[in-house]
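Values in this text are rule-based calculations from the coordinates and carry no lab data. Please read these numbers as outputs of a predicted model, since none were measured by experiment. In this analysis, Cβ positions are derived from the backbone assuming ideal geometry, glycine residues included, and neighbour counts consider all displayed protein chains.
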Amino acid sequence: MMTKDDLIGLLVCPMGKKPLHRDGESLKCTHCGTVFTIENGIPNMLIEEAKLPEGCSTIAELKCVASGEVKYDG
Ligand SMILES: [Zn+2]
């Protein structure tokens, strides 16, 4: 049977679909650097609630969105 941690290991960034790096109670995208928090064992994968990487103040500024790789019309 798969544990919650196994499932978390399968998650990808909702923006670029790139792997995430687990760091304590957060998951960081290895590509765009967005940080998703894990609350009570449940990752919050909503990009609107994620912590954007340094230098990005909006989702449109994320590396994967700015480059045109990912479409985001929020
Ligand atoms: Zn990403």
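Table for the structure above
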| read-out | value |
| --- | --- |
| Ranked list, fewest to most other Cβ atoms within 10 Å of each Cβ, for Ser57, Ser26 | Ser57, Ser26 |
| Percent of Cα pairs exceeding the 18 Å cut-off, where the set is the chain | 34 |
